[in-house]
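Q: Encoded as structure tokens, here's the structure I'll be asking about.
The values are calculated or read from the model by the stated rules, or taken from the named source; none is laboratory data. Because the structure is predicted, anything quoted here is derived from the model rather than measured. A quick note on method: Cβ atoms are made from the backbone with ideal geometry, for glycine too, and the neighbour counts reach across all protein chains shown. SASA here: full protein model, heavy atoms, side chains in, ligands and nucleic acids out. Shrake-Rupley method; radii C 1.70, N 1.55, O 1.52, S 1.80 Å.
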Amino acid sequence: MSEYVLELKGITKRFPGVTALNRVHFKLRKGEIHALMGENGAGKSTFIKVITGVHAPDEGEIFLDGKPIAFSNPTEAQAAGIAAIYQHVTNYPDLSVTENIFMGHEKVHPKTKRLLWKDMYREAKAILKQLGSSIDPKREMGTLSVAQQQIIEIAKAISTNARIIIMDEPTAALTARESEDLYRIAESLRDQGTSIIFISHRFEDMYRLASRVTVFRDANYIGSWDVDEITNDQLIVAMVGREITQVFPHKKHPIGEEVLRVENLGKIGYFADISFSLRRGEILGLTGLVGAGRTEVCEALFGITKYDTGSVHLKGQRLAVRRPKDAMKLGIGYLPEDRQKQGLILQWGIGRNITLPALERFSNKGWLTEKNEAQLARQLAEKVHVKAKSIFDLAGSLSGGNQQKVAVAKLLTAGLDVIILDEPTKGVDIGAKSAIYEIIQDLAMQGYGIIMVSSEMPEVIGMSDRIAVMREGRITRMLQKEEFSQEAILEAAMSEAPGKTKAG
Amino acid sequence: MKKYWTLILSLVLVFSILSACSQGSPGGNASNESGGDSEGESGGSKRYAFIFKNTGNPYGEKMMQGFEEAVNELDGEAILRAPDQPTAEGQIQIIEQLITQKVDSIVIAANDPDALQPALTKAMDAGIEVISVDSAVNTDSRVTHVNQADPEAIGRIQIEAISEMVGGKGQIAVLSATSQATNQNLWIEYMQKELEKPEYKDLELVKVAYGDDLRDKSVSETEALLKTYPDLKGIIAPTTVGIAAAGKVLTDKGLGGKVALTGLGLPSEMASYIESGVSPWMYLWNPIDVGYAAGHTAAALVNGDMEGKTGDTFEAGRLGQKEVVEDGEGTQVMLGEPFKFDKENIGEWKDVY
Amino acid sequence: MEPKTIQPYTQRTLEADRPFSAKQFFLQWEWLLAFILIGVIALNTSLSPYFLNISSLRDATMVFLDKAFIVFPMALIMIMRDIDISVGSTVALSSVVMAVAYNSLGVPMGAAVVICLIVGALCGLMNGLLIVKFKELSAVIITLATMILYRGIAYIILEDQASGSFPEWFGFFGWGYVYGIPFILILFILAALLFGLLLHKTTFGRHIYAIGHNDVASRFSGVNVDRTKVIVFTLAGLMAAVTAIFLASRMGSTRPNIANMYELDVIAMAALGGISTAGGKGRLIGTVIAVFIVGYLQYGLGLINIPSQTLLIVVGALLLFAVIVPKLNIPRFKK
Amino acid sequence: MAVHTANAPAAESAAKKESKLAGLAKFRELGLLAFILLLAIGVQIRNPSFLTIENVMDMATNTAILSILAVGMMLVLVTRGIDLSIGATLALSGMLVAQIVSASAGFSPLLAVITGIGIGTVCGLVIGGLVAWLGVLPIIATLAMMNIYRGFTYMASDGKWISSYQMPESFVGIATSSVLGINTLILIALFIYIAAYYFIGHTRTGRQIYAVGSNPESAKVTGINEKKILILVYTLMGGLSGLCGVLWVSKFASAQGDTASGYELSVIAACILGGVSIAGGSGKLSGVILGAVLIGILNNALPMMDVSPFWQKGIEGTIILGAVLLNAAVKRGVERNHLLRRRI
């Protein structure tokens, strides 16, 4: 019997044009939580897919309990006790919770192969109870929140009696409290002897949970360490390949007159009594737990959805925004949270993406003037330092950070006064993060009023001039610069909101 | 692997296109043995085209068979066409193609009496003799019409039949084709006129239903008739699909002998119902003869044997001499009374058409 | 956290001119279509002595161009990842209203033609509004329902009647020539140019592509998705009315059952032209060539009097061929 | 769309309240059923012979084929596909089987049914191959094959119909015979429903069809063979079309080249009325059957109410559009109520 439950040696995986993994190694002990880290594109996802049998490696060997093994499809990996929880798109919104849990390893009658629904419901209920959740196993998956869905994913892994569970950024969409629940679940699984591979961008996850960490960079294996023997800085060097810290540029941006005032904004079922003002050159951090209604407020300001009560004033004028186009015309821009789905058209080149919001500007009565357009797109792309060969490179081919830069550049085409940034550094690696911070500061200096929605506490504290904290659809606290602290934000995000009423 | 499949599949496709093309030509160009060069416009073989309402219709196939027989007798070349759907649009396309081919004559069973007028006028302007057959086009769009039977006679004969079957008394209904079918509408008009006669005062026409020449619709319309009018004594269905569907419903419901059925139908489709007595007898003309007569009419016009004016006569092969008679503002060639199919003769006809 | 070093930006310049690539240029889908068209013409010429002459080629266009007008807006709709299967019924309804207005209500023919266009546009507008207001329902569902509804209204209006006897000049639409060129061809070329410019040279067209690729991102980028959709569907209704005018002119009359299943022919032509129903892809020139491929193929095979059932198979096979070829990796045609 | 993903509350305390609302999903079938009952009562008042046993049996017999096809179409729609070729497949299988039985009278009816299913299965397999292996979009693939199969049918028929006298009694008997007073067609349809119910609800493969439609990406990760599933649904659809081809020809005792032309639209309409989502993933057997029944009743009731034939299409279109829009509006109302209940 080997010391390791899972061992991968010299795994190489090539796709047309790229080597996604280059002779990487990995060792996993029984009952261990092992963090796997690396920047976007380091090969983590491909690595998971090799372990779970989605991809077959071109070279290298996989040992399970010391015996060589080769999976040709995910079902085989599952049968061997390996389960993966992916970051997103792995559930079936139209199917029930139970079905989601048991998809791929349904309980069937040994002879007739009939599905045993009663047994499955019972077991689903039991597993969910074990995880401390009371979700109805017959409920439709699509009606659950992201955190609840995450729990279902874990339940799914447990239901397969997995000995090895891979979690791919499970906390990315979770709030601090929900993450805490997840840690608890992971620890109890570990204590029962399950081995966990944990992939995350968040250092706090790793320090909190993992006992060992392995780093990949550019498809290569960099090394493995015990968590307590490696420092934060060393880890960053390992991941990025150069010394860099998460820095927030401190450029002085003069704060000017009030540009946006929101009064008693409310939308039934989403948020209520939202009031704040924003000045030119100011960065207003908007934070709170996921689901607190931050995105909904921003979408209402931008005209994606309608608000039911209250008013919005821009430069002293009351706005009647019915759709995003109106908002942009009047001077409000929005960088959506999901840049792949909401921010960019991935099949298009950089240039076309940048010019889309303001096509009218360089068109002559509706006629496109492609030369002007290309020139302007190039200028803007250079302004935000997009790394690419030409403006005709497809947006889909860029890294996360560069995609985000293109999305920011889109906001610069229109003559805006207020820019709303929703999680501007989500899923962006460290190198690109600081570049984006720099751009945000630059924008503030140019006199834009900026609302920055973020769940990352250091980011909000480091970047903002003021911080509005939301909880369950209301702003519970407006923190001034001198009041900034993680504790204060957490307290405001979790405490009972004052004057809570039943809406509607 | 996938690539090979794709390759094989596209090869199959290409072959199917090619084979479809090669298979198509002999089927369409009926008689290639005569005439040699198809370009020979003067002298040599004349080219006669026949356009039926839609493809895959045995009634039309028989008509085309008769047409081809006539054309072959005259050493001509027969071109047989039909659109895949019974629409005027499809027939206009075919007319255009025939004009381009400079055929000598077009015989058409029209899907619409008026909609073909511009196209047929163009054909006549190009020197093509246009004759309608079976379903007429309006008199401005044709030289003459070959009529299978006098519509007045068709209407009358069916009322006579149903009256005899039900004993001159009771409710009757008509199950027609589509509500736009000109032939049927004309016959129904004459039926109603006939019913006004005093000897039919006890016959009551309760409803004209439309089965759209669709099996399923005709069946449910028949069923609705039977239920809405429980005292219904007889059904007249002057359309092939309709009468067969009605026969099927009456058979399945065991109403043979209780509700009489007559009308116009193909002997092959109706054989089992006539033999079983569900429909004591019904009528139809011989579509082969209709097509045959149309072929000879076309030839007579093309060869200048007549001009299609009232009183003109011409030789119509085995049908003997035919005369062009008046038809409203136009002219037509009449074939005679419809033929009666009953238990005695259905056996010999069911395999013919 | 103590700020240490700030990463300096790496200054870079970007290419803003698209380099001309002969390889890319010649591997476009439209070239393949052009070759197919040439192949069709060559095939027809070899099969029938009547095919290759000016008047035949010219008059053929009068036969197949009527429904081709709908192909343009259908292409736009398909690029937006929608579909409209009610266009055939719109043709029927607008032509029926025109005929009734002229024959029963005594409206002058010129005004009746305008009414026809308005009715068509209204049908399209209703489709567009329903699709925009009920986003949870797909365009297939809504246009399937309106397809039955519009034709139903046409039947209610005209019952079993045909309505015709239009004035002489009305026949010009479908049968007339201008300097020896069929009027319908001239209008088709004009419409092709207009729609081509609209799709490829205007902000509106760019928005259509954006919506087809990613309607959410388009909305977030300030594209007025709803308005664009409503306009395009209205255009589809309008062009269906144009088809209705030509069809009524060619038939000298109209009936509620005309233009049956036109939508399928139109979708097939657009798909052959390289418009993907998956959205975002395709160019108008491709659909123009596709119209001529299908039209001349049918016309040419008609000249050798191929049975129509064979034509069905040929057109079906051609459509499959067109969608399968790009999936072959050997010559990489860009669709 | 962004709103949808975000509207579920983070707190689990809401879970209980919502699960009650989830029960309202049944509302759709109930609404459809209520509508059918109202319609039936309305027709009954106009024509008392509507709700007689005989007429109900006739309606059921006439709807059987439509509902069998609708079951297959539902599976296709659930996988985000569509099949426009079923009318042509039906005609082809019906025509070929009719030719076989007319040529050899000894051909047993069971064998005829099996042959029909076989022909349909092959037709469906070709489409499944095009969709699954070559990635041709379903609407295009089935549009093309519709033309091709219809052409084959015409070619095979050579312009002739197969008439009732050419068919042996036993063959016609498939559709006219009855067991315990219930028509065989109804029994076959019931058998198909039960088989489909079991297949969809109680087998792995059945659930995998829904999984593929609900989320093709994750289906792949779960190890579901998406291609296999796609081929399966189109093959099943083809097989059912083939079966219906035989039943159709037997019922009407005639095989024509243009049999069931345009029938696919009625089938799709039945599915849509039954609440099957074109976007895939959802669709209930009960809904589809009710949808088919509604269309069946419309076909039967409108002639019986003596509605002018020219109004029938218009009424049908209005009802379909109305039902679809009403359903959407009701769903919105439910969602809004749900939002109103949330505490902020």
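Q: With the requirement that a residue be open to solvent by 30 Å² or more (accessible area, probe 1.4 Å), in contact (Cβ under 8 Å) with a residue 12 or more places away in the chain and not in a loop (DSSP other than H, G, I, E, B), what does segment A:119-150 give you? Write out each step before concluding.
A: Pass one, segment A:119-150, residues open to solvent by 30 Å² or more (accessible area, probe 1.4 Å): A:119, A:121-123, A:125-126, A:129-130, A:132, A:134, A:136, A:138, A:140, A:142-143, A:146, A:149.
From the residues that got through so far, the ones that are in contact (Cβ under 8 Å) with a residue 12 or more places away in the chain too are A:119, A:121, A:123, A:125, A:130, A:132, A:136, A:138, A:140, A:142, A:146, A:149.
Answer for segment A:119-150, where residues must be open to solvent by 30 Å² or more (accessible area, probe 1.4 Å), in contact (Cβ under 8 Å) with a residue 12 or more places away in the chain and not in a loop (DSSP other than H, G, I, E, B): A:119, A:121, A:123, A:125, A:130, A:140, A:142, A:146, A:149.
Q: Would you point out the residue of segment B:116-127, among those that are of a type in the set (A, V, I, L, M) and open to solvent by 10 Å² or more (accessible area, probe 1.4 Å), that is farthest from the other protein chains (Cβ to nearest Cβ)?
A: Kept after step one, since they are of a type in the set (A, V, I, L, M), are these residues of segment B:116-127: B:116, B:119-120, B:123-124, B:126.
Of the ones still in play, those that are also open to solvent by 10 Å² or more (accessible area, probe 1.4 Å) are B:124, B:126.
Working: B:124: 14, B:126: 11 Å.
So, considering only residues that are of a type in the set (A, V, I, L, M) and open to solvent by 10 Å² or more (accessible area, probe 1.4 Å), the one farthest from the other protein chains (Cβ to nearest Cβ) is B:124.
Q: Residues in segment B:67-84 that are surrounded by fewer than 24 Cβ atoms within 10 Å (Cβ to Cβ) and more than 14 Å from chain C (Cβ to nearest Cβ): how many?
A: 5
Q: Looking at (1) within 14 Å of chain A (Cβ to nearest Cβ); (2) under 20 Å from residue C:146 (Cβ atoms), which is the only condition residue D:332 fails?
A: Unmet for residue D:332, out of (1) within 14 Å of chain A (Cβ to nearest Cβ); (2) under 20 Å from residue C:146 (Cβ atoms): (2).
Q: In addition: Out of B:219, B:130, B:137, which single residue is assigned by TED's automatic domain parsing to the domain that holds residue B:113, of a type in the set (A, V, I, L, M) and outside any strand (DSSP E or B)?
A: Working: B:219 fails: assigned by TED's automatic domain parsing to the domain that holds residue B:113; B:130 fails: outside any strand (DSSP E or B).
Matching residue, one of B:219, B:130, B:137: B:137.
Q: For segment C:132-146, what are the residues that are open to solvent by 10 Å² or more (accessible area, probe 1.4 Å) and in a helix (DSSP H, G or I)? Don't jump to the end; show me each part of the working.
A: Start the filter on segment C:132-146 by keeping residues that are open to solvent by 10 Å² or more (accessible area, probe 1.4 Å), which leaves C:132-138, C:140-141.
Within segment C:132-146, C:132, C:133, C:140, C:141 meet the criteria.
Q: Further question on the same structure: Out of A:433, A:426, A:387, I need the residue that is touching a residue at least 60 places away in the same chain (Cβ under 8 Å), open to solvent by 10 Å² or more (accessible area, probe 1.4 Å) and part of a loop (DSSP other than H, G, I, E, B). Which one?
A: Values: A:433 fails: part of a loop (DSSP other than H, G, I, E, B); A:387 fails: touching a residue at least 60 places away in the same chain (Cβ under 8 Å).
Every option except A:426 fails the conditions.
Q: Another question, then. Given the options B:149, B:173, B:136, B:153, name the one that is open to solvent by 10 Å² or more (accessible area, probe 1.4 Å) and touching a residue at least 60 places away in the same chain (Cβ under 8 Å). Walk me through how you get there before you give the answer.
A: Values: B:149 fails: open to solvent by 10 Å² or more (accessible area, probe 1.4 Å); B:173 fails: open to solvent by 10 Å² or more (accessible area, probe 1.4 Å); B:153 fails: open to solvent by 10 Å² or more (accessible area, probe 1.4 Å).
Among B:149, B:173, B:136, B:153, only B:136 is open to solvent by 10 Å² or more (accessible area, probe 1.4 Å) and touching a residue at least 60 places away in the same chain (Cβ under 8 Å).
Q: Could you say which residue among C:60, C:42 is modelled with pLDDT of 85 or more and crowded, with 24+ Cβ neighbours inside 10 Å?
A: Details: C:42 fails: crowded, with 24+ Cβ neighbours inside 10 Å.
Just one listed residue meets the conditions, C:60.
Matching residues to (1) of a type in the set (Asp, Glu); (2) more than 27 Å from residue C:78 (Cα to Cα); (3) within 14 Å of chain D (Cβ to nearest Cβ):
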position	(1), (2), (3)
C:109	no, yes, no
C:112	no, yes, no
C:123	no, no, yes
C:133	no, no, yes
C:136	yes, no, yes
C:153	no, no, yes
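Q: For segment D:44-152, which helices (runs of 4 or more DSSP H) that fit wholly inside it have 1 or more residues that are of a type in the set (Val, Ile, Thr) and under 30 Å from residue B:228 (Cβ atoms)?
A: Because the criterion is at least 1 residues that are of a type in the set (Val, Ile, Thr) and under 30 Å from residue B:228 (Cβ atoms), the helices (runs of 4 or more DSSP H) in segment D:44-152 that meet it are D:53-78.
Q: So residue A:267 ticks every box in (1) within 14 Å of chain D (Cβ to nearest Cβ); (2) at pLDDT 90 or above but one. Which box is left unticked?
A: (2)
Q: A further question on this structure: Mind checking which residues of segment A:440-480 are assigned to a helix (DSSP H, G or I) and either in contact with a Cys (Cβ under 8 Å, 6 or more places away or on another chain) or more than 19 Å from residue A:338 (Cα to Cα) (or both)?
A: Narrowing segment A:440-480 to residues assigned to a helix (DSSP H, G or I): A:440-445, A:457-463.
Matches in segment A:440-480: A:441, A:442, A:443, A:444, A:445, A:457, A:458, A:461, A:462, A:463.
Q: Mind listing just one residue for me: the one in segment B:220-254 that is open to solvent by 10 Å² or more (accessible area, probe 1.4 Å) and small (Gly, Ala, Ser) and, of those, nearest to the other protein chains (Cβ to nearest Cβ)?
A: Out of the qualifying residues, it is B:220.
Q: Would you kindly identify the strands (runs of 3 or more DSSP E) lying entirely within segment A:19-118 that contain at least 2 residues that are away from chain D (no Cβ under 14 Å) and either in contact (Cβ under 8 Å) with a residue 60 or more places away in the chain or surrounded by fewer than 17 Cβ atoms within 10 Å (Cβ to Cβ) (or both)? Can you show your working first?
A: Values: elements: A:33-37, A:59-64, A:67-69, A:82-85.
It comes to A:33-37, A:59-64, A:67-69.
Q: Of all the residues that make up segment C:163-184, how many are under 30 Å from residue B:184 (Cα atoms), open to solvent by less than 40 Å² (accessible area, probe 1.4 Å) and in contact with a strand residue (DSSP E or B) (Cβ under 8 Å, 6 or more places away or on another chain)?
A: Adding up the residues that qualify gives 3.
Q: Do the conditions hold for residue B:113, that is, is it open to solvent by 20 Å² or more (accessible area, probe 1.4 Å) and away from chain D (no Cβ under 14 Å)? Can you show your working first?
A: Values: open to solvent by 20 Å² or more (accessible area, probe 1.4 Å): yes; away from chain D (no Cβ under 14 Å): yes.
In short, yes.
Q: Then there's this: Within 22 Å of residue D:339 (Cβ to Cβ), aromatic (Phe, Trp, Tyr) and within 23 Å of the chain's Cα centre (by Cα): is that true of residue A:307 in this structure? Spell out the reasoning first.
A: On the way: within 22 Å of residue D:339 (Cβ to Cβ): yes; aromatic (Phe, Trp, Tyr): yes; within 23 Å of the chain's Cα centre (by Cα): no.
So residue A:307 fails the test.
Q: Which condition does residue A:396 not pass, out of (1) open to solvent by 20 Å² or more (accessible area, probe 1.4 Å); (2) at pLDDT 85 or above, if it passes all the others?
A: Among (1) open to solvent by 20 Å² or more (accessible area, probe 1.4 Å); (2) at pLDDT 85 or above, residue A:396 violates only (2).
Q: Moving on. For the condition among the aromatic types (Phe, Trp, Tyr), in contact with a Lys or Arg (Cβ under 7 Å, 6 or more places away or on another chain) and open to solvent by 10 Å² or more (accessible area, probe 1.4 Å), what is the one hit in B:210, B:190, B:200?
A: Details: B:210 fails: in contact with a Lys or Arg (Cβ under 7 Å, 6 or more places away or on another chain); B:200 fails: in contact with a Lys or Arg (Cβ under 7 Å, 6 or more places away or on another chain).
B:190 is the lone residue from the list that is among the aromatic types (Phe, Trp, Tyr), in contact with a Lys or Arg (Cβ under 7 Å, 6 or more places away or on another chain) and open to solvent by 10 Å² or more (accessible area, probe 1.4 Å).
Q: Please pick out the residue among C:224, C:257 that is open to solvent by 10 Å² or more (accessible area, probe 1.4 Å) and either hydrophobic (A, V, I, L, M, F, W, C) or under 15 Å from residue B:87 (Cβ atoms) (or both).
A: On the way: C:224 fails: either hydrophobic (A, V, I, L, M, F, W, C) or under 15 Å from residue B:87 (Cβ atoms) (or both).
Testing whether each residue is open to solvent by 10 Å² or more (accessible area, probe 1.4 Å) and either hydrophobic (A, V, I, L, M, F, W, C) or under 15 Å from residue B:87 (Cβ atoms) (or both) leaves just C:257.
Q: Here's something else I'd like to know. In segment A:141-200, how many residues are more than 26 Å from residue A:107 (Cβ to Cβ), within 13 Å of chain D (Cβ to nearest Cβ) and among the aliphatic types (A, V, I, L, M)?
A: Of the residues in segment A:141-200, 5 are more than 26 Å from residue A:107 (Cβ to Cβ), within 13 Å of chain D (Cβ to nearest Cβ) and among the aliphatic types (A, V, I, L, M).
Q: Between a residue in segment B:85-103 that is under 24 Å from residue D:88 (Cα atoms) and more than 7 Å from every other protein chain (Cβ to nearest Cβ) and any residue that is open to solvent by 10 Å² or more (accessible area, probe 1.4 Å) and of a type in the set (S, T, N, Q), which pairs come within a Cβ distance under 8 Å, given they are 6 or more apart or on different chains?
A: Pairs that qualify, where the first residue is under 24 Å from residue D:88 (Cα atoms) and more than 7 Å from every other protein chain (Cβ to nearest Cβ) and the partner is open to solvent by 10 Å² or more (accessible area, probe 1.4 Å) and of a type in the set (S, T, N, Q), are B:86/B:54; B:86/B:111; B:90/B:54; B:90/B:111; B:90/C:308; B:91/B:111.
Q: Continuing with the same structure: Before we move on, is residue C:90 part of a helix (DSSP H, G or I), polar (S, T, N, Q) and surrounded by fewer than 24 Cβ atoms within 10 Å (Cβ to Cβ)? Let's see the steps before the verdict.
A: Numbers: part of a helix (DSSP H, G or I): yes; polar (S, T, N, Q): yes; surrounded by fewer than 24 Cβ atoms within 10 Å (Cβ to Cβ): no.
Answer is no for this residue.
Q: Among (1) outside the structural domain of residue B:223 (by TED's automatic domain parsing); (2) at positive phi, which single condition is residue B:170 missing?
A: Every condition holds for residue B:170 apart from (1).
Q: Name the residue, out of B:233, B:227, that is assigned to a strand (DSSP E or B) and of a type in the set (Lys, Arg).
A: B:233
Q: If you don't mind, there's one more thing I want to ask. Could you grab me the full set of residues in segment C:155-173 that are of a type in the set (D, E, K, R) and within 14 Å of chain D (Cβ to nearest Cβ)? Break it down into steps so the answer makes sense when it comes.
A: At the first step, the residues of segment C:155-173 found to be of a type in the set (D, E, K, R) are C:159-160, C:168.
Passing the criteria: C:159, C:160.
Q: Hey, another quick one. Given the structure, is residue A:365 open to solvent by 60 Å² or more (accessible area, probe 1.4 Å), basic (Lys, Arg) and in contact with a helix residue (DSSP H, G or I) (Cβ under 8 Å, 6 or more places away or on another chain)?
A: Criteria not met by residue A:365.
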